[in-house]
1. Quick one: how many residues across segment 206-246 are among the polar types (S, T, N, Q) and free of Cβ contacts under 8 Å to residues at least 40 places away in the same chain?
2. Within segment 288-327, which residues are assigned to a loop (DSSP other than H, G, I, E, B), in contact with a strand residue (DSSP E or B) (Cβ under 6 Å, 6 or more places away or on another chain) and under 24 Å from Glu244 (Cα atoms)?
3. Do we find a residue being outside any helix (DSSP H, G or I), of a type in the set (A, V, I, L, M, F, W, C) and farther than 17 Å from Phe252 by Cα anywhere in segment 116-139?
4. If you check every pair at least six apart or on different chains, which have Cβ atoms under 6 Å apart with a residue in segment 51-72 that is among the charged types (D, E, K, R) first and a residue that is in a strand (DSSP E or B) second?
5. Determine whether segment 69-78 contains at least one residue that is surrounded by fewer than 22 Cβ atoms within 10 Å (Cβ to Cβ), more than 30 Å from Ala301 (Cα to Cα) and of a type in the set (Ser, Thr, Tyr).
6. Against the condition assigned to a loop (DSSP other than H, G, I, E, B) and among the hydrophobic types (A, V, I, L, M, F, W, C), how does Phe75 come out, does it pass?
7. Residues being assigned to a strand (DSSP E or B) and either touching a Ser or Thr at 6+ places or on another chain (Cβ under 7 Å) or not aliphatic (A, V, I, L, M) (or both): count how many of those fall in segment 494-531.
Amino acid sequence: MKDGKHIPLSKAQIDQLVFQNCQCDNWKQVLVSPDFKPDNIKNATFSGKIKLGKFDKQVSFYGGVSKPAGIYNAFIHNCTIGDNVYISNVTNHIANYVIEDDCIIDHIDLLALEGTTSFGNGIKAVVINEAGGREVTIFDHLTAQIAYILALYRDRTNVRQKIEKMISQYTQSVKSDIGVVGKAAHLSNCGTIKNVKIGPAAIIGNIKRLENGTIKSCPQDPTEVGASVVAKDFIIAEGAKISEGSIILNCFIGQATKMDRQFSAENSICFANCGFHHGEICSIFAGPYTVSHHKSTLLIAGLFSFFNAGSGTNESNHMYKIGSVHEGIFERGTKVTSDGYLSYPVWIGAFSVVIGRHYAHPQTSDLPFSYLYEENDKTFIVPGINLRTVGTVRDGEKWPKRDERKAPDKSDLIIFDVLSPYTTQKIIKGLDILLNLKPAETNTSKVVVCNNLTFSASALHKGIEYYTMGINKFLGDCLIEKLKASSPKSIADIEKLIENTDSAGTGKWLDLSGLLVPEKHINSLLNDIETGKLNTIESIIEKLKSLYNDYNKYKWSWAAEKIRNIMKNQKELSNTEKILKIVNDWAGACKKLNSLILNDAEKEFSEESRLNYGIDGDGKTRDADFDAVRGTFQTNSIVGELKKQQEITNQIAEEWINKIKSLR
């Protein structure tokens, strides 16, 4: 139904409405579609300016029930109601809303807007530092990357102020004294809804109270807000599913995020594909794929992404001195096991596992893929071991498969690579740390302490081995990928491929909450914001998207520089021998890591793993029961994929080794 096509009611229509127990102080203020028929408007009271569409379709409900579109048992004030809307049993009233075509509003208490509101846009979420100083202003186009800049680049005052001004201008532009329920949205059995904008196809059911917020939604990815939810000062993005008693205050909830089972979220921003059940978050920046599933878990005052919190995970963000001022950084892929505890401040490196209770404020940013465990109140670290675990492989494969965003515009920019320039640069630094710490002898009882971290001698030696394999694998992956794409005809072609690569991706890399990117490009982006070259939120988002799209180019640029440096240090070898060595080192690293990962996977099928199987039988029954439930090592899909991948790697290595040897 389009504005401008409404006409006054005829006397016959008014008479029929009155006969159907409808009331209005001034019927002249009620305008209708030319196709309007009053048959399905019953027991309705109208006040203020009203526009009504046509009601000539059957509306489908759960269980195969159909009912005629119309307005039944409702008080409607100052509203525009589209075509084939179904409104029934409104306990109080609907006021100051546009209800678009095909909406269902069935058994609700109150849907109203009072005064002027920005629908949650402009609310400040106090993230990362509970005492303040890293606030992020939420708005309905917020992305993980924009939020990262606002929260973490506080030293770039002019940048932050300019982005805040852009958000403020946007917030002003969306302020309104009229709310919207988008096309085909479905509201049923709801309590109070005040000053909330609801997107197309959204499903809102059995909520208790929603106040001052935006629920973005689209037909491709409807947002669902369900049973007993209470939310105030919020933005919820497309495809999110919030239900089962969740409580939300001052929060941004990203695309395809799930939150249910009495979860509590306050002053937090949560981006794509997060999963929160039972527990609590307060003042956190939850980057993509942050997951907390347990009733006893509290995440507080930290930066997270691709994070998994075990049962009873907890952190302390103050030391009983000047308040809750301390912060935690958990780089991508970190896990905290059951009953894990960390006393802030902490900084945990990428793809690490934290076991036990830690009071020594570990800083392991340059020691990724590590295990941290606690013994006699000391933090022990096993560096690099997570490079050889099947869990890391599984994580790297599952995240892209579990991207449940279906909205046409995926707002958060996510690069899933486990090994990348970002993590490999840290591995290189970690290797240097370990080489400097390595004891002269290999006495496994000897320990080394550095920066409140305790290393056993054996862990140091193994860490050096794992990190070396990780570097060789990543650089070899990049070289093989480039060789396959370029089809070199001579050794000179390969040399040019390596030597003539530009420097676009060289230098330090950053992880902007999912976006892996060279630091210099982010500095350039920040400079462009500061100078006014990028002067709208849209232009900043487009620039970030261009960086995302150029990831593979930047990745090769970074890897090529490292390969050049390796080749320069091998002066005794010919160029052919240097290239062959890189390929051979890559093949060896892949084979050794794959073997270690398979050995790790095989532990899941060990005698110990069979402990509680075959409860009423003998050993044969136990094994049969185990195989029926868990399968066998030989038939496991992850194991099969690892073996297949190793066969492919062996074939590729043999092919390129032979080809390089044949080139002149």
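The values are calculated or read from the model by the stated rules, or taken from the named source; none is laboratory data. The shown structure was predicted, so the numbers you read here are calculated from the model rather than taken from an experiment. Every residue, glycine as well, gets a Cβ built from its backbone with ideal geometry; the counts of neighbours run over all protein chains shown.
1. So the first thing to find is which residues in segment 206-246 are among the polar types (S, T, N, Q), and the list is 206, 212, 214, 217, 220, 223, 228, 243, 246.
Now restrict to residues that are free of Cβ contacts under 8 Å to residues at least 40 places away in the same chain: 206, 217, 223, 228, 243, 246.
Looking only at that region, the number is 6.
2. Looking only at segment 288-327, we keep the residues that are assigned to a loop (DSSP other than H, G, I, E, B), and these are 288-290, 293-297, 301, 305-307, 310-313, 317-327.
Filter once more, so that each one left must be in contact with a strand residue (DSSP E or B) (Cβ under 6 Å, 6 or more places away or on another chain): 290, 293, 297, 307, 310, 313, 317.
Selection gives Thr290, His293, Thr297, Phe307, Gly310, Thr313.
3. Restricting attention to segment 116-139, the residues satisfying the condition of being outside any helix (DSSP H, G or I) are 116-139.
Next, only the ones that are of a type in the set (A, V, I, L, M, F, W, C) stay: 119, 123, 125-128, 131, 136, 138-139.
If we keep only those that are farther than 17 Å from Phe252 by Cα too, we end up with 131.
Scanning segment 116-139 turns up at least one residue that is outside any helix (DSSP H, G or I), of a type in the set (A, V, I, L, M, F, W, C) and farther than 17 Å from Phe252 by Cα.
4. Listed pairs, sorted by first residue: Lys51/Leu31; Lys51/Thr80; Lys67/Val59.
5. yes
6. Details: assigned to a loop (DSSP other than H, G, I, E, B): no; among the hydrophobic types (A, V, I, L, M, F, W, C): yes.
Judged against the criteria, Phe75 is not a match.
7. Of all residues in segment 494-531, those assigned to a strand (DSSP E or B) come to 509-512, 515-518.
Those still in the list that are either touching a Ser or Thr at 6+ places or on another chain (Cβ under 7 Å) or not aliphatic (A, V, I, L, M) (or both) too: 509, 511, 516, 518.
Residues that pass the stated criteria total 4.
A quick yes/no check of all residues on (1) part of a loop (DSSP other than H, G, I, E, B); (2) under 48 Å from the mean Cα position of the chain (by Cα):
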| residue | (1), (2) |
| --- | --- |
| Asp15 | no, no |
| Leu31 | no, yes |
| Phe36 | yes, yes |
| Asp56 | yes, yes |
